[in-house]
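For reference, the structure discussed in these notes is given below.
The values are calculated or read from the model by the stated rules, or taken from the named source; none is laboratory data. All values derive from a computational prediction rather than experimental measurement. Heads up, the Cβs are rebuilt from the backbone with ideal geometry, glycines too, and the neighbour counts pull from every protein chain shown.
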Amino acid sequence: MGCATALALAERGADAVVLERAVPGAEASSAAAGILGAQVELHGKGDDAAFFVRARDAWGPWARELRETTGIDVGWRACGVMRVAFAPEQAEQLAREVAWQREKGLRSELVDGARARQIEPVLAEGVTAAAHFPDDAQVDPQALLRALMAALSRHPRITVRSGATVERLLVERDRCTGVKLDDDVLHADATVLAAGSWSSLIPGVPAGMPVVRPVRGQMVLLDERPPRARTIVFGAGGYVVPRGDGRVLCGSTMEHAGFRKEVTAAGVHAILGSALACVPSLGAAQVMGTWSNFRPHAEGGALVGASALLGLFLATGHHRNGILLSKITADEVAAAILK
Ligand SMILES: Cc1cc2nc3c(=O)[nH]c(=O)nc-3n(C[C@H](O)[C@H](O)[C@H](O)COP(=O)(O)OP(=O)(O)OC[C@H]3O[C@@H](n4cnc5c(N)ncnc54)[C@H](O)[C@@H]3O)c2cc1C
């Protein structure tokens, strides 16, 4: 959120400094699966539909723009997403989801098991129905962070300070005027709070701001040789994200575990159980790695735009959909600042 917002500001003619206590992308943004699940993530929430779909549709052009400026391909692919059912009650739920989305004019289809396996041949025989969202897409978050870093470092209006920990916001006469770092003080016309799951821990944030809390997600990376899976598949307990080159990300848990960055036996068991139920052939894939990180969750949804404190703007609390919402958030926050 911080990197994308700095880029959006600089493109509009403002000077921006990115402050990061580690290196940009050290936390949730590089840990994500990169699903641009505008429709699969709606779960009946009509209020989010327009924002989510606009966010997804902004991605293709942004990916091209990043490739042109940096030479880095961020792995944007309109691969489609399927949410699958193994039992009649799951299929009924999917039918309801597809029905209201179609009423809203969103492309989606309820398909039977045979049609689902035509779309994604590696799907389990036990899949009886699926909701297909052909316009949902993916990016590779680690490539995205590399591209963003390259774009930031080349932009004359942007400074990136890695290893700079914000100790607190500077608040003078009811206005945020910048930040105090561990070894420096920085004044700014506008300060953007984009500290992910740590956003509420920074002294000086307005008391009325919804608290941002970490929700741990664990991931397992598989290597499927030869690459067969193509479509993102959501089962009841997790998802499978084929990158198209043999890498398959399997996720994820949703845990309230504070800031314990662990990969647990139960987490990996649940993730692989769900992944193999959907795509049994992944049982032969090699396990390449595991990790976990923290989704920034705010009650009531993402915090985007001006805050109650003058001079302070918010770009945080995006929970499961921060990659999807990164570009649209950056544009909205930059527009709010430069209004
Ligand atoms: C396992 C997992 C899977 C996910 N999958 C998806 C997905 O498929 N699609 C999707 O859209 N989203 C996904 N997400 C969610 C997405 O990753 C997040 O919503 C998004 O990355 C949050 O971005 P952010 O910039 O707010 O937070 P972060 O990426 O966590 O960045 C916050 C940064 O602030 C820095 N920081 C914190 N405190 C300070 C301080 N005091 N001073 C200086 N720097 C500080 C941190 O070091 C960190 O780098 C997933 C998340 C997880 C954990």
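Output the residues belonging to segment 157-172 that are within 17 Å of VAL205 (Cβ to Cβ) and part of a loop (DSSP other than H, G, I, E, B). Across segment 157-172, the qualifying residue is only THR165. Within segment 288-305, the set of residues being more than 8 Å from the ligand (Cβ to nearest atom) and either more than 14 Å from the chain's Cα centre (by Cα) or on the phi > 0 side of the Ramachandran plot (or both) comprises MET288, GLY289, THR290, ALA298, GLU299, GLY300, GLY301, LEU303, VAL304, GLY305. Please verify whether GLY44 is of a type outside the set (A, V, I, L, M, F, W, C), within 23 Å of SER252 (Cβ to Cβ), more than 9 Å from the ligand (Cβ to nearest atom) and touching a helix residue (DSSP H, G or I) at 6+ places or on another chain (Cβ under 8 Å), treating the condition exactly as stated. In short, yes. If you go through segment 205-231 and keep only what is in contact (Cβ under 8 Å) with a residue 40 or more places away in the chain and more than 21 Å from ALA32 (Cβ to Cβ), you end up with VAL205, PRO206, GLY208, MET209, PRO210, VAL211, ARG225, ARG228. The set of residues from segment 1-38 being within 12 Å of the ligand (Cβ to nearest atom), of a type in the set (Gly, Ala, Ser) and touching a helix residue (DSSP H, G or I) at 6+ places or on another chain (Cβ under 8 Å) comprises ALA4, ALA6, GLY25, ALA28, SER29, SER30, ALA31, ALA32, ALA33, GLY34, GLY37, ALA38.
Of the candidates GLN101, GLN142, GLN138, the single residue that is within 11 Å of the ligand (Cβ to nearest atom), modelled with pLDDT of 95 or more and among the polar types (S, T, N, Q) is GLN138. Looking only at strands (runs of 3 or more DSSP E) that lie completely in segment 190-239, which have at least 1 residues being within 8 Å of the ligand (Cβ to nearest atom)? Once the strands (runs of 3 or more DSSP E) in segment 190-239 are filtered for at least 1 residues that are within 8 Å of the ligand (Cβ to nearest atom), what remains is 212-223. Restricting attention to segment 113-140, the residues that are closer than 18 Å to PRO227 by Cα, part of a loop (DSSP other than H, G, I, E, B) and aliphatic (A, V, I, L, M) add up to 4.
Scanning for something under 30 Å from ARG168 (Cβ atoms) and hydrophobic (A, V, I, L, M, F, W, C), does segment 226-243 turn up at least one residue? No, because not a single residue in segment 226-243 is under 30 Å from ARG168 (Cβ atoms) and hydrophobic (A, V, I, L, M, F, W, C).
Please determine whether any residue of segment 54-71 is over 23 Å from GLY322 (Cβ atoms) and aromatic (Phe, Trp, Tyr). So far as segment 54-71 goes, no, none of its residues is over 23 Å from GLY322 (Cβ atoms) and aromatic (Phe, Trp, Tyr). Evaluate segment 93-112: report whether one residue or more is part of a helix (DSSP H, G or I), farther than 16 Å from GLY44 by Cβ and touching a residue at least 24 places away in the same chain (Cβ under 8 Å). For segment 93-112, residues part of a helix (DSSP H, G or I), farther than 16 Å from GLY44 by Cβ and touching a residue at least 24 places away in the same chain (Cβ under 8 Å): absent. Here is the figure for segment 308-320: residues that are within 8 Å of the ligand (Cβ to nearest atom) and crowded, with 23+ Cβ neighbours inside 10 Å total 4.
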